[in-house]
Each structure stands twice: as structure tokens, then as C-alpha cells.
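The values are calculated or read from the model by the stated rules, or taken from the named source; none is laboratory data. Values in this document were obtained by computation on a predicted structure and should not be read as measured data. Counting neighbours? That spans all protein chains shown, and the Cβs are built from the backbone with ideal geometry, glycine included.
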């Protein structure tokens, strides 16, 4: 099994230093854009109720962009006013993207659950790299994105890098509305 943790300073698919960009599991910008355009329901596995955790901020952002975010965390009953499920298999509606905010070693059973519920995409967040689980997902017909943040990728494509209080200082070609 190959399980790696990317450097904390890496930015996943945005950064050419990510080990994923040189692997069989690299995705193109077009792939990630298409996934974000065609998917509307995201099950966030490991979503935290702590507002200072990256998963919490990503969920707020994706909700603000019109996505249906389903929290998956066995320790919580509700996050962001939404019912929280103990596992993917407990979710009573179809899921497009399974977004994983967990240690890479915890990914294989999550992928098995994603396959079981008929998800279309397994998306492993920044620093989450598990090639064995990615291989299994692909063999089952799911698309795989690894070592990339769904919020950052969405913001890159749709101009939200400064949305919801995060001013990254990135220079953009978008005209400032005053």
C-alpha cells in the first residue's frame, strides 16, 4: 500500500510539487472543473463542527456556492444546521462527490462505502494521498481527485479566492465591483 502525506506547504493539484501530479492519479484542471460543474451533492467525510478547521470552512464555502453539503462524522448530530451522518451508508440520498478530510490510512473503507452508495467521485483533500484506495475507486468506475481542496479548486475556477472573508492576495483578471 502506498500512503503518503503531502508537505503542509503544498497546494495539491495547484502545486506542481504534489506527488500526485507525477502519478497515475493526476487529474487535469479540465477534469476538476467538469466534476465541479456536474456535481451538486457533496458528502464531506470528517467534516468538523469546529469553525477553525479547514473542513468547516470548506463546507461553508461550498454551501454558499449552492452545493448540497452532507456532513459525515460519527461524533456529531448536526453541523452547520445540517443533519450529520455516522457513515456514507447512512445517507438517504444520492451523493456525487465523497470529499475526504481524514488521515490517508482511513481512506480505504471510506472508498468502499463510496462505491457501495454509488458515488461518482472520490475527492481526497490536501495532504490525503492513498494510491491503493484511489486504484480501488477507479477500478469500480469512480473518478478520483487526490491532494486537492474542493474549495480551493472551486474558487480557482469560479473566482471565489476572496469569498467569505479569505483574501488570498491573488491578483485576478476579474474586475473589482465597487
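Descriptive notes on the structure:
- Taking the criterion of being more than 22 Å from residue 36 (Cα to Cα) and crowded, with 19+ Cβ neighbours inside 10 Å, the only residue of the stretch 86-114 that qualifies is 104.
- Pair list, Cβ < 6 Å and 6+ apart or interchain, from the stretch 14-35 residues that are within 16 Å of residue 150 (Cβ to Cβ) to residues that are in a loop (DSSP other than H, G, I, E, B) and at pLDDT below 65: 18/6; 18/10
- Filter pass, residue 48 being under 25 Å from residue 130 (Cα atoms), modelled with pLDDT of 95 or more and assigned to a loop (DSSP other than H, G, I, E, B): yes
- Among the conditions (1) at pLDDT 95 or above; (2) touching a helix residue (DSSP H, G or I) at 6+ places or on another chain (Cβ under 7 Å); (3) surrounded by 15 or more Cβ atoms within 10 Å (Cβ to Cβ); (4) not in a helix (DSSP H, G or I), residue 27 misses just one, which is (1).
- Of all residues in the stretch 61-81, those satisfying the criterion of being part of a helix (DSSP H, G or I) and surrounded by fewer than 17 Cβ atoms within 10 Å (Cβ to Cβ) are 63, 64.
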